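Asks: Sharing a structure with you now.
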Amino acid sequence: MKRVILNVAIIATMSFVSCKSEAKKETQETTKTEVTEKVAITNASFGVRGNCSMCKNTIETAANGVAGVTNANWDVNKKKIDVSFDASKTDEMTIHKAIAASGYDTEKVSGSEEAYKNLPGCCKYDHEMEMNQSGELKAEDHSSHNH
Ligand SMILES: [Cu+2]
């Protein structure tokens, strides 16, 4: 009985030690990444009109197609995109223009009419749509178009 308890204690100690060292390693790596991002990466958010997950794909592909963009995430409910980019390679206006070229209105640049005409029917968003919404109108949004 005593031996069993001892074994459990040894196993517990070993796993504690290995967890501890792994945790330490992760912390160091995370810190390194954060420092790199602080130096080089700029984050921006702005309104972009669109309807659905296909719009999301088109908008994000357009933003990611700009050299220097490291991350793009468009929120279908908020009608808003979060982008991260290397400010030494590009700027926010270039991303606005790239998204507009794909057919989508941004806060600063109207979407290309030619590209808009070629969008699938479900993606032909309302040009009067409010951008930068709170994101709490999901149910209403769905009733306004057919999937
Ligand atoms: Cu769409």
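Each reported figure results from applying straightforward, stated rules to the coordinates on display, with no laboratory input. Given the structure is predicted, the values throughout are model-derived calculations rather than measurements. Ideal geometry is used to build each Cβ from the backbone, glycine not excepted, and the neighbour counts take in all protein chains shown.
Asks: If a residue has to be out of contact with any strand residue (DSSP E or B) (no Cβ under 9 Å at 6 or more places or on another chain), within 17 Å of Asn132 (Cβ to Cβ) and crowded, with 20+ Cβ neighbours inside 10 Å to count, how many in the range 75-105 make the cut? Give the steps one after another, and end with the answer.
Replies: Taking the range 75-105 and keeping what is out of contact with any strand residue (DSSP E or B) (no Cβ under 9 Å at 6 or more places or on another chain), we get 76-77, 88, 93, 101-103.
From the residues that got through so far, the ones that are within 17 Å of Asn132 (Cβ to Cβ) too are 76-77.
Now drop any that are not crowded, with 20+ Cβ neighbours inside 10 Å, which leaves none.
So the count comes out to 0.
Asks: Next up: Pull out all pairs, ordered by first then second residue, where Cβ-Cβ is under 8 Å, the residues are six or more apart or on different chains, the first lies in the range 111-131 and is under 15 Å from Asn57 (Cα atoms), and the second is more than 8 Å from the ligand (Cβ to nearest atom) and outside any loop (DSSP other than H, G, I, E, B).
Replies: Ala115/Ala101; Lys124/Tyr116
Asks: Which one of these is buried (at least 16 other Cβ atoms within 10 Å of the Cβ), small (Gly, Ala, Ser) and over 13 Å from Met129 (Cβ atoms): Ala44, Ala67, Ala72? Working first, answer last.
Replies: Numbers: Ala44 fails: buried (at least 16 other Cβ atoms within 10 Å of the Cβ); Ala67 fails: buried (at least 16 other Cβ atoms within 10 Å of the Cβ).
None of the other options fit; the residue is Ala72.
Asks: Also, quick follow-up: With the range 42-138 as the region, which helices (runs of 4 or more DSSP H) entirely inside it contain at least 1 residues that are under 17 Å from the mean Cα position of the chain (by Cα) and away from the ligand (no atom under 16 Å from the Cβ)?
Replies: On the way: elements: 53-64, 92-101, 113-117.
Filter on the range 42-138 gives 53-64, 92-101.
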